[in-house]
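The values are calculated or read from the model by the stated rules, or taken from the named source; none is laboratory data. Please read these numbers as outputs of a predicted model, since none were measured by experiment. Note: ideal-geometry Cβ built from the backbone for every residue, glycine included; neighbour counts use all protein chains shown.
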Amino acid sequence: MPVFLCLAAAKKELAAHAASLEALMSEYGATAFDRTPTTLCGLFNPGEELPCALVLQSLQVDLAPFGIALHVGAYERLGQRLFGAELTRTHAIARTAWGGQILLTSEYLAAASLPPEATLKPLGMHLLSNLAPPTQLYQLRHPALHNESFPPLRSLSYYPNNLRVQPHTFVGRTQELETLKEILGAPETRLLTLTGPGGIGKTRLALQLAAETAGEFPQGVFFVSCEALPSTALLPSTMEQALQLPMTGRMDPHTHVLNQLRRRAALLVLDNYDSLLPDTAFLTEILTQAPRVKLLATSREPLNLRCEHLYPLGGLQYPHHDVPQEVAAFEMFDAVQFFFLSALHTDPLFTVTEATREALISICELTEGLPLGLELAATAVSAFSCHEIAQKMAQGLEFLKATRREIAPRHHNLRAVFEFTWQQLDAEEQGAFTRCAVFQGPFSETAAQVVADAAPASLQALVRKSMVMPIQPQMYKLHSLLRHFAAEQLQLAPGLKETLEARHSAYFLDYLREQGAMLLGAQQRAALTALAEHLDDIRAAWTWAVEHGNYTGLRAALPAWFSFYFIRGLWQEGAALFASSANTLRQQISRTPLPEALAELALADCLLAEGRLAASMAQNDQAQQRLDEALESYLKYKARQEQAQTYLGLGQVGFNRGQFHLARSFFQQAHELATASGFVIGQRDALHYLGRVTLILGEYQTARQYLNDSLALSTAMGEWWLGMHTIRLRGNVERMMGQDELARDFYLRSLELARDYGSLSAMALALNNLASLAVIASEYPLARRYWEQALAIQRDTDDLRQLANILHSLGLVLIELGEPERGLQLLAEAFEIHEQNANQEGKGVVLIYRGYALEVLERLTEAEQSYREALPLFGGTGNPAGIADACECLGFCLHAQGRYAEAETAFQEALRLRLKLITPGAIATAYRGLGAVAVARGRYDEARQHFQQALQLALSTKWIGTLLHIFVEIAELYAQTEEVNKALELLLAVLRDGRIVVPMQKRIRTRIAALKGALPEEFAAPLPRSGGRLDVEALARTLLAALDLSASPEHEERAKVPTCEGVNVRT
């Protein structure tokens, strides 16, 4: 089999040197050539191509470097022209290579023998610009090649995109492609619209243009099919899916898409946008708000936007009978090549001779070069000669012109081809084709059999005759024009359309239900993909069932339909669909004097689904209204599993509102009902949410048990979508109980699962928790890295609640790292988001962190005010941990102002709350504060006791940052009790630890400077720079022994720790 050697170079470079390059390749045995504006391919006998490739690379002293591809494959020849899928593939490989690089395919390696000095570097599978199935590529390494280090290949596998493999090779339109590349690449071009009638090839040309310009758009090229959309209302969510955006559902798709596109340099291919005209408002917003995004549209008519650049598309170039030069060179025309290749798919022995040339030109003229017409005409070559095909098409065209005046003249030629091809189908094939009109999108072989009575043999016959397009193994689709033609035939069969629609609805509701079972197991991702592929048909099936009152089918399919919308994050779209369905069902019920139970339960199911999705979006009033209405029906008919799901939704509403005790009550009711009815999924979900709310309420042991039980059920089910969040919450429990290593293991496992599922929001949550652990270990640079990664992810998810949480956490870290002003900026952004979402608890956290930043900036009055504003916010949500945090921070601020009595009261209240929550590390901070107050008030033995308790607790949890803070307070105790040397040694030891934060460094340095006048001369050396690691645990044990009061005979007489009961803090 012959070998292809193809080199790629810049257009001008290749044009200037093409002749000399062909001459050189001919010296090495090249027998024929095929050229594009940027590639030159030669046909070689085996064994001659590799020496030629090495020589070509050595020419780079005089020429710009080439990318070279070597491949083996079949090709077709028509006159002097070479073409075919493998030749096109070789051109695409060469364009993928970098200058100086030689790429080999596995087919080439199977057929060729490499010299012993050559080695290979596997580069993996790559989707190329020819949009054929991915190709395995290798890089040649050889002593004659000077450069062996290259960036990643410039393939579609490297650039972000959603372009799919195409069933047929792109043929012709070389000049159109080059012109369109120039237009699209111009800085002033924002919207390029390819216009022309159906079947002209707009979609395939747009796909090829996108594939070949992918490298110009760093954030990707994305194909958005508009054909099946009923209105522009679904365009934003369709774009979300095409752009492969993480879908949290917390922001409506319209806003989500605009937010994402503002930051991107991307190309959106909007196919068949004419189905949505005249509404172009969303496109106008994109063009206005996303300055680096370009739109490439295909449409039968202009979009009529101010910045639109129109490119009217005609048929493929074809020769004319009355132009002798064109007849003589007929094989050079795109339409002839397209028909020839299409005919070979039907009859591999098809040839073009002098006898068939005239007829072939007539076919091209009759179809006016329309690719769809040529393809359909070519399917008849196995039954008719080219002369007969042309004759029958001409007769059909005259008939149409005379009898079908409603058909636009521009469609006469294509319609004639349709009629001609229709007549070549036997009765069974005609029936199968007609019945397939019921499908809205791609359909499987099984669906065709069940819904349309289309046998596999009939489908294959229709594929051979190009009436049906294969898109994947056992998956098919109708061209929009052919579907319209089939629908016309369907209208001629009375009652058949209604029968097929009923079958179609039943089939896809069953399909939805079957895939729904997989949504709750290990096959979740496969099920999501399968449902997304058939979304148009599922929507149509659901709508038919709602309008025709198929209550049994609706109830069976709804759980899966809800799960799909919930997991994919399409909360807005799902809520709108279920609301519309509920309105239709409510109208049906209102017209029935005695509605059946199934109707009322189907309505309740839609209300439940809408309510739970609204609760997920924190649309609490709407959610509660829908859930309350659904609950009435479920109570009426004693539907316990549905009651359990309704209580889960009501619990979510309570949680959103900060009503944690109410939420807990609803979750408990849900769990009891799910357990009593054997509803395992409901049990698992209720346990998860109970663990979540009891964690907030500080009942850590209880939360641990709930979450463990939930995880056991997730394990049994093999479903980890919710489980990965449960694992993360388990980590939170362990962190609160001081088990940081165990917490880290849970967080890492959650992060691993989030990456497996591709859930960016779950990844951000896990990174957020890992950063919190780093803070506990006083690893602030590491915490900053984690939170910056989480922030980058979270800004893409548009989950505003979690975005605000990460912003305020990163703000705190920046304060600790000596960037308080930058920290305050992030805190202000977080506060604004929390306020928009009425998140009182989040606002309280931000106010605490803001107060700390103001303390660092020595604005103590403002800091105190910020802490006091935080206290009632936590009190309103019933969050004792938040109240304790605010009390502690207020205590340290009052201590810094010398208001020791007020500070002591604040620390006592914090300790009271901490002791109830049983969080050792946090309790240690309260004791540290009480110890600092005791030192300031001269109660040194009491201070020692407080510090001893603080050290013991912090040691038990290994909270490094807390221990370092305690050391500084103990140093102050030494300084006040005239043990200045001990104080200095301790401060210097802490200062040498690279983990201490900048505000602490400043405090230590200030204190050392104040003590220097009372020190021996050897301590007057310059202060050390932080950077080492102190053995914190060893030092803590040493200090514990030094602080031990039990050996002192006066121990019993010393001041006791004041009781904490009944102490209140002014708010």
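Answer yes or no: is there a residue in the stretch 937-950 that is crowded, with 23+ Cβ neighbours inside 10 Å and either touching a strand residue (DSSP E or B) at 6+ places or on another chain (Cβ under 6 Å) or outside any helix (DSSP H, G or I) (or both).
The answer is no; no qualifying residue exists.
Which numbered condition trips up L742, out of (1) in contact with a Lys or Arg (Cβ under 9 Å, 6 or more places away or on another chain); (2) not assigned by TED's automatic domain parsing to the domain that holds A686?
Checking L742 against (1) in contact with a Lys or Arg (Cβ under 9 Å, 6 or more places away or on another chain); (2) not assigned by TED's automatic domain parsing to the domain that holds A686, the one that fails is (2).
Checking the structure you have, find out if any residue of the stretch 261-282 is touching a residue at least 12 places away in the same chain (Cβ under 8 Å), of a type in the set (G, A, S) and surrounded by 22 or more Cβ atoms within 10 Å (Cβ to Cβ).
No, every residue in the stretch 261-282 fails to be touching a residue at least 12 places away in the same chain (Cβ under 8 Å), of a type in the set (G, A, S) and surrounded by 22 or more Cβ atoms within 10 Å (Cβ to Cβ).
Could you check the stretch 304-335 and list, in sequence order, the residues that are in contact with a Leu (Cβ under 7 Å, 6 or more places away or on another chain) and under 27 Å from D271 (Cβ atoms)?
L305, C307, E308, H309, Y311, L313, G315, D334, A335
Could you go through the stretch 961-969 and let me know if any residue there is farther than 24 Å from E909 by Cβ and touching a residue at least 12 places away in the same chain (Cβ under 8 Å).
The answer is yes; a qualifying residue exists.
Does L857 satisfy the condition of being in the same structural domain as L803 (by TED's automatic domain parsing) and surrounded by fewer than 21 Cβ atoms within 10 Å (Cβ to Cβ)?
yes
The rows are residues; the columns are (1) at pLDDT 95 or above; (2) under 16 Å from A663 (Cβ atoms); (3) part of a helix (DSSP H, G or I).
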{"position": "P595", "(1), (2), (3)": "no, no, no"}
{"position": "L598", "(1), (2), (3)": "no, no, yes"}
{"position": "C606", "(1), (2), (3)": "yes, no, yes"}
{"position": "A615", "(1), (2), (3)": "no, yes, yes"}
{"position": "Q622", "(1), (2), (3)": "no, no, yes"}
{"position": "L627", "(1), (2), (3)": "yes, yes, yes"}
{"position": "K638", "(1), (2), (3)": "no, no, no"}
{"position": "Y647", "(1), (2), (3)": "yes, yes, yes"}
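So which residues in the stretch 465-491 are surrounded by fewer than 14 Cβ atoms within 10 Å (Cβ to Cβ) and either among the basic types (K, R) or outside any loop (DSSP other than H, G, I, E, B) (or both)?
Listed by number, the residues that qualify are Q472, H484, E488, Q491.
Output the qualifying pairs, or none if there are none: Cβ atoms under 6 angstrom, residues six or more apart or on different chains, first residue in the stretch 41-57 and assigned to a loop (DSSP other than H, G, I, E, B), second residue at pLDDT below 90.
Here the result reads N45/G29; E48/Y28; E48/G29, each pair linking the stretch 41-57 to a residue that is at pLDDT below 90.
Go through (1) surrounded by fewer than 22 Cβ atoms within 10 Å (Cβ to Cβ); (2) more than 18 Å from I681 (Cα to Cα); (3) in contact with a Lys or Arg (Cβ under 8 Å, 6 or more places away or on another chain) for M717 and report which single condition fails.
(2)
Which pairs have Cβ atoms under 8 Å, sit 6 or more apart or on different chains, and link a residue in the stretch 445-463 that is under 15 Å from H534 (Cβ atoms) to one that is polar (S, T, N, Q)?
E445/Q474; T446/Q474
Name the pairs: first residue in the stretch 749-774 and modelled with pLDDT of 85 or more, second residue outside any helix (DSSP H, G or I), Cβ to Cβ under 7 Å, at least 6 apart or on different chains?
These pairs meet every condition: L753/W720.
Which of the residues that make up the stretch 492-551 are closer than 19 Å to A579 by Cα, among the polar types (S, T, N, Q) and part of a helix (DSSP H, G or I)?
Scanning the stretch 492-551 gives a single hit, T543.
Would you mind telling me which numbered condition in (1) assigned to a loop (DSSP other than H, G, I, E, B); (2) at pLDDT below 85; (3) of a type outside the set (D, E, K, R) A74 fails?
(2)
For the stretch 737-754, how many residues meet the condition of being closer than 19 Å to L803 by Cα and surrounded by fewer than 23 Cβ atoms within 10 Å (Cβ to Cβ)?
Number satisfying all stated conditions: 1.
Can you tell me which of L1023, L1030 is at pLDDT below 85, crowded, with 18+ Cβ neighbours inside 10 Å and not in a helix (DSSP H, G or I)?
Of L1023, L1030, the one residue that is at pLDDT below 85, crowded, with 18+ Cβ neighbours inside 10 Å and not in a helix (DSSP H, G or I) is L1030.
Any residue at all in the stretch 662-669 that's touching a residue at least 60 places away in the same chain (Cβ under 8 Å), over 29 Å from D885 (Cβ atoms) and of a type outside the set (S, T, Y)?
The answer is no, given that none of the residues of the stretch 662-669 is touching a residue at least 60 places away in the same chain (Cβ under 8 Å), over 29 Å from D885 (Cβ atoms) and of a type outside the set (S, T, Y).
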